[in-house]
Structures are given as C-alpha cells and as structure tokens.
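For reference, the structure discussed in these notes is given below.
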Amino acid sequence: MTPVTASEWKQVPGLVRVETGHGETTLVVDPTRLVEASTHLRDEAGFDFLSDIAAADYLGWAGSGVSGHIGTAAGRDLNRPMTQGLQVLPKPKEKRFSVSYHLLAVAVPPRRVRLQVWLDDGQSVPSVVPVWPTADWHEREAWDLMGVPFADHPNLKRILTEDDWEGHPLRKDYPIGGEPVRFSEAE
C-alpha cells in the first residue's frame, strides 16, 4: 500500500507524469481526474492529511527578460548575484497556473507527496473538499488571492480580502498601486 517506485505511482488515476527533485515527489495529474486521484491517494496509498494547497501564477514565465539562476547540486549561493546575463532561462510552463496539493501520510515513517494540476486562466478545477474537508479554507484562499475557481466547492467566497474587493491580489497581472491615499483633515 505504500507507493515507493514510479511504477506504483502509475496506478494514480489521471497521472500525467511523475517528477522528482530535491528529495520531493510531484504527481502531475489531469485536472478533470483530480478527485479520483485524491481519493486513490487517500484510500489506497494512505495519504490521509492535506497540509496545504498552493497556487502559483506563471504569467510571463520564460519570456523575454526573465532571468534564471546559477545553481549547484547544493543549491543556489545567496552570496552570488543573479545571472545578470540571462545565462539560464527557466523552462516554459505548460499553462499559466499550477495548483499544488501537499499531502502527508501520517504513519511511521511519515511520507509526503505533492499532487499538482496545471490550469489556464479561468479554467476551474474540481474541489477536493469531499476527500479532505480541510481543503475548504485552502481552496477559498487560492480563489481569493489567485482567482483559481474550484468547481462544486460548498462555499467559494473570499476569505482574506473584503467581499467587495476587485481582482485577485497575488496574480501577476494584478495592478500594483493606484489606490489613492486618503488623509484626515488636520484640526
């Protein structure tokens, strides 16, 4: 019941590919099969805890003017400046948004895996609240800050910004500034 090899991960419904790096495993799945994949990982592989959902916006990624980094097997040296000459461009991403589900198998030893889907702007992803109830607030946060819609979510409304807030503030195309400063009159 404990997936350890790439061949065992292939049983995950909707699996597109398995990525490994930096001691982590990422299972990229078809967004339409996310609930099936989540249920399989919970029931068959023992990943009984959803610790986080993280959405990322890759607008403009790998485009002109995006700098890469100089890295080593031990990581990037923070004391060395960035590339300055665009020696390494990041690889293009398949779609604008990624949504990553960080799962934990609470067992001895504990195991972690990242379940990931890729979405275009406006494309919805099925809610995993029926699989992991804790997804409720995580999905609301991703909707509020990034504008990722979750189909069949029981209560998809803003959670961090005001109800009348316009836009989604963590998107790369969100306007920066432009909010007039209001001062109270001096007495």
Just the number, please: carbon plus sulfur as a percent of the accessible area of the stretch 2-61, 1.4 Å probe, no ligands or DNA/RNA counted. 50
Karplus (6.51, -1.76, 1.60) ³J(HN,Hα), θ = phi - 60°, over the stretch 141-152, in Hz, Gly and Pro reported as x: 5, 5, 5, 4, 8, 10, x, 7, x, 10, 5, 6
Compute the length gained on full extension between residue 32 and residue 8: take 0.36 nm times their separation in residues and subtract their Cα-Cα distance, giving the result in nm to one decimal. 6.5 nm
Please compute the modelled spin-label separation between residue 121 and residue 24, points set 7 Å along Cα→Cβ, answer in nm with one decimal. 2.6
Just subtract the alpha-carbon distance of residue 112 and residue 93 from 0.36 nm times their residue separation and send over the number in nm, one decimal. 4.5 nm
Classify the stretch 92-167 from the C-alpha gyration tensor, please: rounded if a/c falls under 1.5, else prolate or oblate depending on whether a/b exceeds b/c. oblate
Å² per residue, accessible surface of the stretch 105-172 at 1.4 Å: 55
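For the pair residue 159 and residue 185, what calculated FRET efficiency results from E = 1/(1 + (r/R0)^6), where r is the Cβ-Cβ distance and R0 = 41 Å, to the nearest 0.05?
Once rounded, the FRET efficiency stands at 0.75.
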Residue 16 and residue 52 label points (each 7 Å along its Cα→Cβ direction) are spaced in nm at 2.2
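The values are calculated or read from the model by the stated rules, or taken from the named source; none is laboratory data. Keep in mind the model is a prediction, meaning the values are calculated, not measured. Note that we place each Cβ from the backbone using ideal geometry, even for glycine, and neighbour counts take in every protein chain shown. In case anyone asks, the SASA skips ligands and DNA or RNA and just uses the protein heavy atoms, side chains included. Shrake-Rupley method; radii C 1.70, N 1.55, O 1.52, S 1.80 Å.
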